[in-house]
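Engineer: One structure is given below, represented as structure tokens, and several questions about it will come after.
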Amino acid sequence: MIPQLKRYARALTRDVIAADDLVQDCLARALETIHLWELGTDLRAWLFTILYRGHISRIRRDARQRDHLELQESDSSLVISPNQTARLELRDLERGLAQPA
């Protein structure tokens, strides 16, 4: 069933490397949870379900990470950098003007 899983994963991801990773994760997950598979049920459907749900999980995780990165980038543009140099220059100017000529 691995070739069929790979074809389905490539159709979902449209990327050969991501598809191979998805199939590997699917098979690892299936081996971890093999005790949940009921004898006599369709193993193929069970594996394809694991693959599809893994793909959806990746999409959601990537979207959360992308949103988090965009939020971090936008936060840095909202911060106003301190302007101590301008304050010191203004202070020196005021002192200069306050001195008698």
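Engineer: What are the residues in segment 38-74 that are without any contact (Cβ under 8 Å) to a residue 24 or more places away in the chain and under 21 Å from residue 3 (Cα atoms), if any?
Structural biologist: 41, 42, 45, 46, 49, 53, 56
Engineer: Quick one: is residue 67 within 30 Å of residue 21 (Cβ to Cβ) and either at pLDDT 85 or above or in contact with a His (Cβ under 7 Å, 6 or more places away or on another chain) (or both)?
Structural biologist: So residue 67 fails the test.
Engineer: Taking only segment 26-41 into account, find how many residues are touching a Phe, Trp or Tyr at 6+ places or on another chain (Cβ under 9 Å) and surrounded by 11 or more Cβ atoms within 10 Å (Cβ to Cβ).
Structural biologist: Looking only at that region, the number is 3.
Engineer: If you don't mind, there's one more thing I want to ask. Any chance you could count how many residues in segment 21-38 are in contact with a helix residue (DSSP H, G or I) (Cβ under 7 Å, 6 or more places away or on another chain), at pLDDT below 95 and β-branched (Val, Ile, Thr)?
Structural biologist: Here the count works out to 0.
Engineer: Here is a further query. Those residues that are basic (Lys, Arg) and at negative phi, I need them from segment 1-60; list them, please.
Structural biologist: Those that are basic (Lys, Arg) and at negative phi: 6, 7, 10, 29, 44, 53, 58, 60.
Engineer: So which residues in segment 1-48 are over 19 Å from residue 60 (Cβ atoms) and outside any helix (DSSP H, G or I), if there are any at all?
Structural biologist: If the condition is that a residue be over 19 Å from residue 60 (Cβ atoms) and outside any helix (DSSP H, G or I), then 1, 33, 37, 38, 39, 40, 41, 42 are the ones that fit.
Engineer: Right, next: Where the second residue is charged (D, E, K, R) and buried (at least 16 other Cβ atoms within 10 Å of the Cβ) and the first is under 12 Å from residue 49 (Cα atoms) and lies in segment 21-32, which pairs have Cβ atoms under 7 Å and are six or more apart or on separate chains?
Structural biologist: 23/6
The values are calculated or read from the model by the stated rules, or taken from the named source; none is laboratory data. Bear in mind the structure is a predicted one, so any value in this text is a computation, not a measurement. Here the Cβ is made from the backbone with ideal geometry for all residues, glycine too, and neighbour counts use every protein chain on show.
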